[in-house]
Every structure is written in C-alpha cells, then in structure tokens.
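Engineer: First the structure, which I've put down as structure tokens, then a few questions once you've had a look.
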Amino acid sequence: MKKLFDGVYLLEGQVGRRPLYLPLFRGDYGALLLDTGCAEHVDKLILPGFTELDISPADLRFVINTHPDTDHVGGNGGVKTWAPHALLGCGDADREAIDDPEVLFRSRYDAYRPFGVFYSEEIAANMRRDLGKAQPVDLTFRGGERIRLSADWDLEVLYLPGHSKGHLGLLDRRHRTLFGGDAIQGSVYLDVSGKPALCPTYLYPETYLQTCQLIEHLDLDYYVSCHWPIKKAREIPEFCQETRAFVERAGILLRDSGITDLRKACLELGPRLGQWPDPVHLELAYALAGHLGLQ
Ligand SMILES: [Zn+2]
C-alpha cells in the first residue's frame, strides 16, 4: 500500500499482468473505497489493506465504482458482506450493469457477438468469476455531488463518461488530485514490466474526448488512475494529449481503410495502432465499434 497524502492511500495489486490501483480515503467521518477490483481482490488486497490501516466494517461508509468492469466492481459483493452498512454507489447510467453481473457481461463483454467478436468460453468463464456475485447498488451519482469525509475535507464526484456511459471520478480539491479510474487511457495499458498489454478500451469516442478535455483543464497537481502510473503536473496534459492522439489516429486509419466490418477492422488496424500481443487486436472492438457508430 502506498500513502499518497494524509488520509489517502492506494492499494496496489495486479489484474493479470497489469497493475491495479484502488484508492482508499479515510477521514474523521469514515472511509471511502474507490473500486473493488475483481472478486479475488477482496481477500487478496482490500481486506489486508483495511487491516493494515485498522479500518473496521463500521468505519467503511462508502464504496464507489468508477465504471462496470471486472476489475472495478468484482469485489462489490465481498466488500458488502464484510461491511453491510457501507453504501455502494456508481454512475447513474451504469447502475443496471453493476446491479447484475449477467447484464454487465451481456451488455458490455458480449455486445459485439453479432459482429463476430466475442470471448472464448474459457475467457468468458474467467470474466464471470472475476465479476463476483450480484450486489445491488445503493445510490447513484450524475456528477457534482460532494461527499464529506471530515469537517474540512470533501470529495467531489465528477462525471467522466466515454469508457462507460456513467464513468465517475473523484476530485480531491484539498490535494489538487483527480482519481479518474479508467476515464482516459493514453495509447496503451502497460503490464507490470512496462510491456504493452492492452489497447485503449473506450466505447464512446466523442464523450471520451470531452472527458479528456475536461481533465486537461482541471487545475491539478496529480492524476491518479487505476492502471497507469501517477501523473504529476505537466504529465497530466501529456497523458490527455496521448489519449486524444490515439482516438484521432484510430478514427483516421479506420476512415482511410474504408473497412466497415468490425472484426476485420480490429485485425487489420490492430498491428498499426499498438504493439500489444496479437490476441489483443480484437479488444479494439470496443473503440472501433464506437468509431463505426455501432454502439
Ligand atoms: Zn480497469
């Protein structure tokens, strides 16, 4: 675990070969956990972190999901079992998927089956395992809400759509830091050894670019995400620029190729968009479906 500031910690784990960072806030009024990892991270990462900080079930007041993906919501059921009175929140537009792992799987991971892009049975089974058991959401946010953690400290909920329809971030003005989840993704997700592991997985290019612009214009000292190293000062607009450049390049390559078949677009443009392993090219379905207007 890394201490970022007084009362702000980062639980540091791994999802497969990629890093996973879960922010944990502790104020006078209780604690807030941002994202819950995959189902396995409850026992492997989250509960050991709570023990280290001496956080009891009664201390945990809020659990907020940035967006509906295995590595962000899979521990919801496990954390709520441990702390039944903690309120589970997410973006309003993501609630149905987070309420029910089967809805999430169908609407997000299996959405491109009609276009010939879908996961093998083995990978799908692993994703269902990582999603954990169903855990209904207690409250939803649309951005602009403030969550008070101490008399003189609150977090502002920001609406950062693009990777999902309701993606959220938390703005900590006291520490001039945005905790942005996977809201912007640069040009690649790297693994723990620094090798390309996954392509960007935004779904809605236009809103994703707006989110990128919003983040770039916040007056921040730090940008803390769930899979990328912490960005400081000038690195923040650089990361925004890298994010924007990828979206623009993907759009231009797709347009110039004239390809309208999603599977073909992934396989042909994948090698030109990044150095990730070959099977990852099909993960471009999320982004390229957006560019093709299939979402
Ligand atoms: Zn993620």
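Bear in mind these aren't lab numbers, they're just calculated from the coordinates by the rules spelled out. A quick note: this is a predicted structure, and the numbers were derived from the prediction, not measured. Cβ atoms come from the backbone with ideal geometry, glycine included; neighbour counts cover every protein chain shown.
Engineer: What relative contact order, as a whole-number percentage, does segment 2-291 give when Cα pairs under 8 Å and 6 or more residues apart are counted?
Structural biologist: 15 percent
Engineer: State to the nearest 20 debye the size of the charge dipole of segment 75-207 about its Cα centre, where the only charges are +1 on K and R beta carbons and -1 on D and E beta carbons. Mind showing how you got there, number by number?
Structural biologist: On the way: 16 positive and 19 negative charges, 37 e Å.
Charge dipole of segment 75-207: 180 debye, to the nearest 20.
Engineer: Would you calculate, for the chain, the mean residue ellipticity at 222 nm contributed by helices, counting each DSSP H stretch of 4 or more residues as -39,500 (n - 2.57) and dividing by all residues, to the nearest 500? List each step's numbers first, then the result.
Structural biologist: Values: 10 runs with 93 residues, N = 295.
Theoretical 222 nm ellipticity from helices: -9000 deg cm²/dmol.
Engineer: For the residue pair LEU267 and SER193, what label-to-label distance in nm results when each label sits 7 Å from Cα along the Cα-to-beta-carbon direction?
Structural biologist: 2.8 nm
Engineer: Tell me, what HN-Hα J-couplings in whole Hz come from the Karplus equation 6.51 cos²θ - 1.76 cosθ + 1.60 at θ = phi - 60° for each residue of segment 138-155, using x for Gly and Pro?
Structural biologist: With the stated coefficients, segment 138-155 comes to 8, 8, 10, 10, 10, x, x, 6, 10, 10, 8, 9, 8, 4, 10, 8, 9, 10 Hz.
Engineer: Would you give the gap between the C-alpha center of segment 1-33 and the C-alpha center of segment 193-211, rounded to a whole Å?
Structural biologist: Cα centroid of segment 1-33 versus Cα centroid of segment 193-211: 22 Å apart.
Engineer: With just the Cα atoms of segment 2-291, tell me how far they stretch along each of the three principal axes, in Å, largest first.
Structural biologist: 57, 42, 35
Engineer: Please give me the summed charge of the neighbours of LEU190: other residues whose Cβ is under 13 Å from its Cβ, Lys and Arg +1, Asp and Glu -1.
Structural biologist: +1
Engineer: Further question on the same structure: Read phi for every residue in segment 173-180 and hand back ³J(HN,Hα) as whole Hz from Karplus 6.51 cos²θ - 1.76 cosθ + 1.60, θ = phi - 60°, with x for Gly and Pro.
Structural biologist: Residue by residue, segment 173-180 yields 5, 4, 9, 6, 9, 9, 9, x Hz.
Engineer: Right, next: Can you order the peptides 226-233, 75-82, 249-256 by their average number of other Cβ atoms within 10 Å per residue, highest first?
Structural biologist: Highest to lowest by the protection proxy: 75-82, 226-233, 249-256.
Engineer: Sort the following peptides by mean Cβ neighbour count (other Cβ atoms within 10 Å, averaged over residues), highest first: 201-210, 163-172.
Structural biologist: Details: 201-210: 19.3, 163-172: 26.0.
Top of the packing list down: 163-172, 201-210.
Engineer: Please get the size of the charge dipole for segment 2-291, origin at its Cα centre, with Cβ charges of +1 on Lys and Arg and -1 on Asp and Glu, quoted in debye to the nearest 20.
Structural biologist: 300 debye
Engineer: While we're here: Mind listing the phi-derived Karplus ³J(HN,Hα) values for segment 218-226, rounded to whole Hz, using 6.51, -1.76 and 1.60 with θ = phi - 60°, and x for any glycine or proline?
Structural biologist: 6, 8, 10, 8, 9, 10, 10, 10, 8
Engineer: In addition: Just to confirm the filter: which GluC sites (Glu not before Pro) across segment 107-195 are DSSP coil and have at most 16 other Cβ within 10 angstrom of their Cβ?
Structural biologist: Those that pass, being in a loop and sparsely packed, are GLU145.
Engineer: Right, something else. With the dipole of the chain worked out from charges on the C-beta (+1 for Lys and Arg, -1 for Asp and Glu) around the Cα centre, which of GLY143, VAL63, GLY27 lies farthest toward the positive end?
Structural biologist: About the Cα centre, the residue reaching furthest to the positive side is GLY143.
Engineer: Which is farthest toward the positive dipole end of segment 2-291 among PRO101, GLY180, CYS38, measuring Cα position about the Cα centre, with Cβ charges +1 (Lys, Arg) and -1 (Asp, Glu)?
Structural biologist: Towards the positive end, the residue furthest out is GLY180.
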